[in-house]
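Data block below; observations after.
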Amino acid sequence: MNRPFAIGDKVLLLDSKLRRYLITLAEGAEFHTHAGLVPHADFVGRPEGVVLTSTKGAAYTALRPTLEDFVLEMPRGAQVIYPKDLAPICMIADIGPGVRVLESGVGSGALSMTMLRYGAEIVGYEIREDFLNRAYNNVRSFLGDDVLGRYQLQLRDCYEGIAERDFDRVVLDLPEPWQVIPHAAEALRPGGILVAYTPSIMQAAQTREAMANKAWSFTRTLEVLHRGWHIEGRAVRPDHRMVAHTGFLTTGRFLG
Ligand code: SAH
């Protein structure tokens, strides 16, 4: 990870106003802005933190993008789950190396990337081929080919059933997760965990209703609030604005 930049690497550039630009270093390519250009070759062999100057004298600091940076900047088809919810989902679902996960839908792959980073082995069901390809490309682009052996995507409607068995986890981000609860009860092993992300509390309530039977326990629904703080000298207070809502997390443990 701590090695100089090379062709193929992703670089996050910050200008003097902390505006962000995400580029992938390519042979013969140039980074262009209104403030002139920087040849990609200038980054090669340089360490993270290097400051390069464009032909018109603008300074750009080069860093490797974090997963959070990439999720916010990557190409999107479907709406992604935001970082504030991605990490809690992994904690609640207890994602770790070798954990077998059924994920649906896959969307732009933000949640896939996060779970793969935690070591999950994912089977992903997605109904839209364009999204499926987008997710695959995003995952490959950020995590590299090494993870693809743990990432198996299928063009499939999750409401119609889950073909595989003995999953440790089922993680859902689709409009009607309650339709998947009976299928999850067949596909999860006893002790497995289900997590469903839903923008609306009505969806959460309907999911909970579907889980209100002896097969499920420890069911709960929560939301994650993330409030930034403004800290500048003696002016120390919460930010005036915040993202007040993204989605609800509903979870339960399958008893068999
Ligand atoms: N969690 C993803 C975003 C998922 S958006 C991310 O972080 O990037 C919801 C996705 O569910 C969409 O791509 C949609 O096509 C897919 N979807 C909707 N209904 C589905 C179904 N019945 N089976 C499989 N995928 C479905």
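Regarding Pro177, is this residue out of contact with any Cys (no Cβ under 6 Å at 6 or more places or on another chain) and crowded, with 23+ Cβ neighbours inside 10 Å?
When the stated conditions are applied, Pro177 passes them.
Which members of segment 98-132 meet the condition of being open to solvent by 10 Å² or more (accessible area, probe 1.4 Å), farther than 25 Å from Arg189 by Cβ and part of a helix (DSSP H, G or I)?
Matches in segment 98-132: Glu129, Asp130, Phe131, Leu132.
I'm trying to understand the selection: among the residues of segment 186-198, which are assigned to a strand (DSSP E or B) and either within 14 Å of the ligand (Cβ to nearest atom) or modelled with pLDDT under 95 (or both)?
Within segment 186-198, Val195, Ala196, Tyr197, Thr198 meet the criteria.
Output the residues belonging to segment 145-185 that are part of a strand (DSSP E or B), more than 10 Å from the ligand (Cβ to nearest atom) and not aliphatic (A, V, I, L, M).
Tyr151, Gln152, Phe167, Asp168, Arg169
Can you name the number of the only condition in (1) closer than 13 Å to Thr251 by Cα; (2) more than 10 Å from the ligand (Cβ to nearest atom) that Ile201 fails?
Condition not satisfied by Ile201: (1).
Quick one: in segment 226-251, which of the residues that are touching a residue at least 60 places away in the same chain (Cβ under 8 Å) and open to solvent by 40 Å² or more (accessible area, probe 1.4 Å) is nearest to Ile89 (Cα to Cα)?
Applying the filter and picking the extreme gives His226.
Would you call Ala135 outside any loop (DSSP other than H, G, I, E, B), aliphatic (A, V, I, L, M), in the same structural domain as Ala215 (by TED's automatic domain parsing) and near the ligand (Cβ under 8 Å from one of its atoms)?
Spelling it out, Ala135 is indeed outside any loop (DSSP other than H, G, I, E, B), aliphatic (A, V, I, L, M), in the same structural domain as Ala215 (by TED's automatic domain parsing) and near the ligand (Cβ under 8 Å from one of its atoms).
To keep it simple, each residue is scored yes or no on (1) in contact with a Ser or Thr (Cβ under 7 Å, 6 or more places away or on another chain); (2) free of Cβ contacts under 8 Å to residues at least 12 places away in the same chain; (3) within 29 Å of Asp130 (Cα to Cα); (4) not in a strand (DSSP E or B).
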| site | (1), (2), (3), (4) |
| --- | --- |
| Val44 | no, no, no, yes |
| Glu48 | no, no, no, yes |
| Gln79 | no, no, yes, yes |
| Cys90 | yes, no, yes, yes |
| Ile95 | no, no, yes, yes |
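Working only within segment 186-204, note down all residues that are in contact (Cβ under 8 Å) with a residue 12 or more places away in the chain and either surrounded by fewer than 15 Cβ atoms within 10 Å (Cβ to Cβ) or farther than 15 Å from Leu172 by Cβ (or both).
Glu186, Arg189, Pro190, Gly191, Pro199, Ser200, Ile201
Let's see how each residue does on (1) surrounded by 14 or more Cβ atoms within 10 Å (Cβ to Cβ); (2) in the same structural domain as Thr53 (by TED's automatic domain parsing):
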site	(1), (2)
Phe5	yes, no
Leu14	yes, yes
Lys17	no, yes
Thr24	no, yes
His32	no, yes
Ala35	yes, yes
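Any idea how many residues of segment 50-65 are hydroxyl-bearing (Ser, Thr, Tyr) and either within 16 Å of the ligand (Cβ to nearest atom) or in a strand (DSSP E or B) (or both)?
Final tally of qualifying residues: 3.
Anything in segment 81-129 that is at positive phi and more than 12 Å from the ligand (Cβ to nearest atom)? List them, or say none. Steps first, answer last, please.
Start the filter on segment 81-129 by keeping residues that are at positive phi, which leaves 94, 98, 107, 109, 119.
Hits for segment 81-129 are Asp94, Gly98, Gly119.
The values are calculated or read from the model by the stated rules, or taken from the named source; none is laboratory data. These numbers were taken from a predicted model, which means no experiment stands behind them. Every residue, glycine as well, gets a Cβ built from its backbone with ideal geometry; the counts of neighbours run over all protein chains shown. Note: areas computed on protein heavy atoms with side chains; ligands, DNA, RNA excluded. Shrake-Rupley method; radii C 1.70, N 1.55, O 1.52, S 1.80 Å.
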